[in-house]
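Here's the structure we're looking at; comments come further down.
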């Protein structure tokens, strides 16, 4: 059994290694359909980030939490896209 904080730390280290491997490797084509495992998210939020001009997207899975640094500009662009496509997205989720 892992404590929630230890589980989040392991997940963050694994994802960080995936980013490092991606950055060092040759360009790859993104798969059209993901076969990746998934986790049921129990919480989602936005918080402060220690990286300048970034925010932290915080994801909870049970009692474990992990944060992803995201440039503020990208979050703003995403929010504007969601607002502009709200009707389309609600129709697709039905």
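The values are calculated or read from the model by the stated rules, or taken from the named source; none is laboratory data. All values reported here derive from a predicted model rather than from experimental measurement. Note that each Cβ is placed from the backbone with ideal geometry, even for glycine, and that neighbours are counted across all protein chains shown.
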Query raised in the report: If you check residue 30 against the conditions, is it loosely packed, with under 10 Cβ neighbours inside 10 Å, modelled with pLDDT of 90 or more and part of a loop (DSSP other than H, G, I, E, B)?
Result: no
Requested in this report: For segment 77-92, state whether one or more residues are in a loop (DSSP other than H, G, I, E, B) and surrounded by fewer than 10 Cβ atoms within 10 Å (Cβ to Cβ).
Outcome: no
Query - So residue 16, is it in a strand (DSSP E or B) and either loosely packed, with under 10 Cβ neighbours inside 10 Å or within 18 Å of the chain's Cα centre (by Cα) (or both) - result: no
Query raised in the report: Among the residues of segment 33-60, which ones are surrounded by fewer than 10 Cβ atoms within 10 Å (Cβ to Cβ) and either in contact with a helix residue (DSSP H, G or I) (Cβ under 7 Å, 6 or more places away or on another chain) or assigned to a helix (DSSP H, G or I) (or both)?
Result: 53
Query raised in the report: Any idea which of (1) surrounded by fewer than 10 Cβ atoms within 10 Å (Cβ to Cβ); (2) touching a strand residue (DSSP E or B) at 6+ places or on another chain (Cβ under 7 Å) is the one residue 67 doesn't satisfy?
Result: (1)
